[in-house]
1. What is the gain in length, in nm to one decimal, between PHE253 and GLU195 on full extension, counting 0.36 nm per residue of separation less the C-alpha to C-alpha distance?
2. Taking the Cα centre as origin and putting +1 on Lys and Arg beta-carbons and -1 on Asp and Glu beta-carbons, what dipole magnitude results for the chain, to the nearest 20 debye?
3. Under the rule that a partner needs its Cβ under 4.7 Å from the first Cβ, which Cys of the chain have none?
4. Kindly state, as a whole number, the per residue volume in cubic angstrom of the convex hull around the alpha carbon atoms of segment 30-188.
5. Could you give the angle, 0 to 90 degrees to the nearest 10, between helix 256-266's Cα long axis and the longest principal axis of the Cα atoms of the chain?
6. Relative contact order for segment 88-183: what percent, with Cα pairs under 8 Å and sequence separation of 6 or more?
7. With a Förster radius of 22 Å, plug the Cβ-Cβ distance of GLU68 and THR102 into 1/(1 + (r/R0)^6) and report the FRET value to the nearest 0.05.
8. Got the relative contact order for the chain handy, in percent, Cα pairs under 8 Å and 6 or more residues apart?
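Nothing in this text is a laboratory measurement; each read-out follows from the coordinates by a stated rule. Owing to the predicted nature of the structure, the values given are computational and were not obtained by experimental measurement. Here Cβ is always computed from backbone atoms with ideal geometry, including for glycine, and neighbour counts include all displayed protein chains.
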Amino acid sequence: MEQLTGPTIVDITLDNFQSVILEASMEKLVMVDFWADWCAPCKDLFPILEKLAGDYAEHMILAKVNCEEQQQIAAQFGVQNLPTVILVQQGQPVDGFAGVQTESTIRELLQKYLPSPEDAFIAQAQEFIAQGDYQSAFAPAKQALDANNDNIDARYLFIDCAIENGSIEQAKGLLGEIKLVDQDGRYQALLGKIELAEQAAETPEIKALQQLVENEPDNDQVKIDLAIQLQQANKPEDALNLLLAVLRKDLNFGDGKKIMLDMLNALPDGEPLKSAYRRKLYSLLY
């Protein structure tokens, strides 16, 4: 078999056994391929393993053991048939298989031990949340959910960010989709957060301004005042709707345009309201 080496494919000998199988496996998953030149199935399997090594290069090393030359290593792992593949993590064998397997079967096996695509986004969002910066956390939380819509941790994380950034209806919709089996303490906590956010939007000031808007439908300054209160109560969509109605009548009324731009800039990147209402405003401007 052609000997391919590189940063993700390594030929194992007694000299580098410890550095790869024991030490490198503390940081990456090591997929150990036991093969021999006379073994035809080994040659069928290797292109699949090579492809997977390339796909998961950031998190995995393919370590090749030529069993004719490295009989001591093969014996140490108790290899009896070729090809045999053993997964090593944290210096210990954790899984494996014998014989030729399909790419999809091997990929499914590897995914039990490799970081999920959404993990990095979740970690990034959690770092921002730890600093109290829910606005910056919104985008990576959304990326995590987009990467894997079935990841319950990503879903809860994004719902939390949506609530904190005022997207209450979106948060309610996503929370309502969570199955009973996944409704843990986080579910109840977020339900409570939504209720508090909705109560915050029922202040006496907001109620009084809403009554004024109803009584004086042509009073655009009252609408702007109400929009500001709604924004502060984490109801950005209602606030933006009011401002847009004012600007459609008179683009230069009061501070309406500036206030709307400020509200849009305050929304986190990745929030659908931000792009939707920015397009609506720009259609009035140009």
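1. Numbers: separation 58, 0.36 × 58 = 20.88 nm, distance 3.46 nm.
My answer for the length gained is 17.4 nm.
2. Values: 23 positive and 45 negative charges, 145 e Å.
Roughly 700 debye, rounded to the nearest 20.
3. That list is CYS67, CYS161.
4. On the way: hull volume 22.6 nm³, N = 159.
Expressed per residue, the convex hull around the Cα atoms of segment 30-188 is 142 Å³.
5. For helix 256-266, the angle is close to 20 degrees.
6. Details: 71 pairs, mean separation 18.2, N = 96.
Result for segment 88-183 is 19 percent.
7. Working: r = 27 Å, r/R0 = 1.21.
Approximately 0.25, to the nearest 0.05.
8. Here the relative contact order equals 13 percent.
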